[in-house]
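Colleague: Got a structure for you, questions after.
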Amino acid sequence: MEIAVIGSSMVDLIAYTDEVPKAGETLEAKEFQMGCGGKGANQAVAAAKLGAEVIMMARVGDDAFADNTISNFQSYGVNTDLVEKVAGVSSGVAPIWVDKDSQNRILIIPGANKHLFPADIDQASERLKGCALLVLQLEIPLETVYHAIDFGNANGIPVILNPAPATIELDLDYACRSDFFVPNETELEILTSMPVSGLDDIRAASQTLLAKGLKNLIVTLGDKGALWLRGDEETQVDAPVVSAVDTTGAGDAFIGCFAHSYANDGDVHQALERAVIYASHSVTGKGTQASYASSEEFAALI
Ligand code: RIB
């Protein structure tokens with residue numbers, strides 16, 4: 001039951017700081033951490049840490065970060081047969097600021113991530129056809145995301161689309177061809193241009209997507225858990241109370257855990273319950289992949 005993550009990898013440069021500098025200002029931060037990140041890579045690693053068989057399809061640059069990124073995947077058991085270096089470009093890099101309220105601000109410089117093309121999916125089609133689940137985000141070209149959705153649909157492979165970072169350029173008709181569309185509240189607001197300040201708002205915004213034929217919409221709600229909407233039905237899963245130190249990559253932890261659990265047994269409700277716990281736990285540690293629990297740690301949590 002292999003999961004294919006077709007997406008991004010970045011090098012995260014994380015500054016922990018009480019204040020974020022204003023224009024023209026220089027401030028001293030408390031701590032710095034460098035780690036492997038990128039939404040696709042984080043989701044792949046989260047699933048792999050939980051014991052999933054994962055193949056990553058990604059592009060890295062021809063710089064000092066590339067080999068480290070590939071060996072990082074391998075250290076977690078993620079298959080890197082479809083991770084390739086692109087000559088003449090940098091690897092993706094993400095400067096991140098985490099403030100005293102454990103909230104993050106992220107800039108991404110996509111670099112090689114922009115070089116994963118629809119034709120690359122065609123070229124890897126025989127390998128990808130054997131996968132049980134495709135997992136996508138929006139840090140690679142949108143045309144590649146659309147092609148991957150078409151590929152999943154044509155081959156009967158369920159597709160999870162995490163529309164992050166949200167962009168109004170996303171074709172929602174295409175996005176709604178995914179089997180699971182998983183935005184957070186902010187992403188839902190940007191994508192639908194509708195307010196999301198309470199559950200009723202979220203339901204109304206969600207209806208615009210469900211009306212397009214979307215089968216499953218899962219809205220992640222941060223410390224309030226997640227809401228799963230399909231047809232006229234909805235299910236809310238509450239999150240455990242935790243003490244957050246760094247929320248970076250919590251959404252990716254959610255997707256990785258959901259993918260692993262769903263690929264295992266097809267039980268969406270259980271996958272949601274697990275993903276909420278897994279993501280909540282991830283905010284209690286610093287960094288992205290480093291903060292994700294192993295399968296043993298997770299077993300103790302649930
Ligand atoms: O979701 C968190 C991730 O967003 C970070 O790892 C960063 O690389 C950006 O892609």
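The values are calculated or read from the model by the stated rules, or taken from the named source; none is laboratory data. Predicted model only: the values in this text are computed from it and were never measured. A quick note on method: Cβ atoms are made from the backbone with ideal geometry, for glycine too, and the neighbour counts reach across all protein chains shown.
Colleague: Filter the range 17-35 for residues that are within 24 Å of P110 (Cβ to Cβ) and part of a strand (DSSP E or B); which is nearest to the ligand (Cβ to nearest atom)?
Modeller: Checking each candidate, the answer is G35.
Colleague: Check the range 175-195 and report whether any residue there is assigned to a helix (DSSP H, G or I), within 17 Å of P118 (Cβ to Cβ) and touching a residue at least 40 places away in the same chain (Cβ under 8 Å).
Modeller: Checked against the condition, which is being assigned to a helix (DSSP H, G or I), within 17 Å of P118 (Cβ to Cβ) and touching a residue at least 40 places away in the same chain (Cβ under 8 Å), the range 175-195 yields no hits at all.
Colleague: Still on this structure, please answer the following. Let me spell it out: the conditions are (1) closer than 18 Å to L136 by Cα; (2) in contact with a strand residue (DSSP E or B) (Cβ under 9 Å, 6 or more places away or on another chain), and L227 meets all of them except one. Which number is the exception?
Modeller: The number of the failed condition is (1).
Colleague: What residue, among those in the range 36-60 that are more than 14 Å from the ligand (Cβ to nearest atom) and of a type in the set (G, A, S), is nearest to V283 (Cα to Cα)?
Modeller: This residue is A47.
Colleague: Could you tell me whether the range 147-161 includes any residue that is in contact with a strand residue (DSSP E or B) (Cβ under 8 Å, 6 or more places away or on another chain), within 16 Å of the ligand (Cβ to nearest atom) and not in a loop (DSSP other than H, G, I, E, B)?
Modeller: Yes, that holds for at least one residue.
Colleague: Could you check the range 86-125 and list, in sequence order, the residues that are surrounded by fewer than 17 Cβ atoms within 10 Å (Cβ to Cβ), away from the ligand (no atom under 16 Å from the Cβ), at pLDDT 95 or above and not aliphatic (A, V, I, L, M)?
Modeller: Residues satisfying the conditions are G88, F117, P118, D122, Q123, S125.
Colleague: Would you check if there is a residue in the range 125-140 being more than 13 Å from I6 (Cβ to Cβ) and part of a loop (DSSP other than H, G, I, E, B)?
Modeller: The answer is yes; a qualifying residue exists.
So that you can scan it fast, the table gives a plain yes or no per residue for (1) within 28 Å of E2 (Cα to Cα); (2) within 15 Å of the ligand (Cβ to nearest atom):
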position: L229; (1), (2): yes, no
position: V237; (1), (2): yes, no
position: D246; (1), (2): no, yes
position: A250; (1), (2): yes, yes
position: F258; (1), (2): yes, yes
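Colleague: Please specify each residue of the range 173-211 satisfying the condition of being among the hydroxyl-bearing types (S, T, Y) and closer than 21 Å to A279 by Cβ.
Modeller: Matches in the range 173-211: S178, T186, S206.
Colleague: Considering each residue of the range 233-262, count those that are under 18 Å from S294 (Cβ atoms) and either in a helix (DSSP H, G or I) or touching a Pro at 6+ places or on another chain (Cβ under 7 Å) (or both), and give that number.
Modeller: Residues in the range 233-262 being under 18 Å from S294 (Cβ atoms) and either in a helix (DSSP H, G or I) or touching a Pro at 6+ places or on another chain (Cβ under 7 Å) (or both): 11 in total.
Colleague: Test K224 against the stated conditions and say whether it is more than 26 Å from K49 (Cβ to Cβ) and of a type in the set (D, E, K, R).
Modeller: Judged against the criteria, K224 is not a match.
Colleague: In this structure, does S280 turn out to be under 20 Å from L133 (Cα atoms), assigned to a helix (DSSP H, G or I) and under 16 Å from the mean Cα position of the chain (by Cα)?
Modeller: no
Colleague: Taking the residues in the range 142-189 that are hydrophobic (A, V, I, L, M, F, W, C) and surrounded by fewer than 17 Cβ atoms within 10 Å (Cβ to Cβ) as candidates, determine which candidate is nearest to the chain's Cα centre (by Cα).
Modeller: Restricting to residues being hydrophobic (A, V, I, L, M, F, W, C) and surrounded by fewer than 17 Cβ atoms within 10 Å (Cβ to Cβ), the top hit is L142.
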